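This report concerns only the one structure given below.
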Amino acid sequence: MTRIIAGRAGSLALDVPDAGTRPTSDRVRESLFGALESAGVLDGAAVLDLYAGSGALGLEAASRGAASVDLVEKAPRAATIAQRNAGRVAKALGDGTGIRVHRASVDAYLRAARGPYDLVFLDPPYDVGETELAATLALLVPLVAAGADVIVERSSRSPEPALPDGLVATRSKRYGDTTLWWATTAH
């Protein structure tokens, strides 16, 4: 079962699509959000969750104090589930946290988005190639705020993502079959 780990919507169960997505494990999310909270990144942040699937990453950020969350998911079934989960989290929060679900391809969304975003999650399907991921990251750069954090989740067998001008790698952390690659804006 996937759930919100902590914050004001902590322990709320989330639906996950029955196929086509790979939810981030509770262990990885717990470690990731512990690091983000200790760095003071979440309070009041504008968050973008690309390839959102169930929306678990972005919704965890909302539960822990993000001011706004945009979930982007192309697959119709996953986007419907993300919308349902977003409604549950918004109800649990009971405040003005803006949680929006966008049923669009990531690149199409980025071409039209405004930003700026303070925190961005990218958890692309493993079959998204390195060249395609690099192009998506290049589209993202103009939409991130100075000092923003960009976190890419990939298979541990994947190479380090090629970062475009404007993003600088800061660290990586491996969790079994999953690696999180952290970057920040260079401006």
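Take the residues in the stretch 167-187 that are among the small types (Gly, Ala, Ser) and surrounded by fewer than 17 Cβ atoms within 10 Å (Cβ to Cβ); name whichever of them is nearest to residue 117 (Cα to Cα).
The selected residue is 186.
Please enumerate the residues belonging to the stretch 143-166 that are exposed (fewer than 12 other Cβ atoms within 10 Å of the Cβ), under 23 Å from residue 45 (Cβ atoms) and over 17 Å from the mean Cα position of the chain (by Cα). Of everything in the stretch 143-166, just one residue is exposed (fewer than 12 other Cβ atoms within 10 Å of the Cβ), under 23 Å from residue 45 (Cβ atoms) and over 17 Å from the mean Cα position of the chain (by Cα), namely 146. The residue pairs whose first member lies in the stretch 89-108 and is small (Gly, Ala, Ser) and at pLDDT 95 or above, whose second member is assigned to a loop (DSSP other than H, G, I, E, B) and surrounded by 13 or more Cβ atoms within 10 Å (Cβ to Cβ), and whose beta carbons are closer than 7 Å, counting only pairs six or more residues apart or on different chains, are 104/74; 105/74. Scanning the stretch 69-93 for residues that are closer than 20 Å to residue 140 by Cα and touching a Lys or Arg at 6+ places or on another chain (Cβ under 8 Å) returns 69, 70, 71, 73, 74.
Are there any strands (runs of 3 or more DSSP E) wholly within the stretch 1-110 with 3 or more residues that are buried (at least 19 other Cβ atoms within 10 Å of the Cβ) and not aliphatic (A, V, I, L, M), and if so which?
Numbers: elements: 46-50, 68-72, 98-102.
So the answer is none; nothing clears 3.
The values are calculated or read from the model by the stated rules, or taken from the named source; none is laboratory data. The shown structure was predicted, so the numbers you read here are calculated from the model rather than taken from an experiment. Note that each Cβ is placed from the backbone with ideal geometry, even for glycine, and that neighbours are counted across all protein chains shown.
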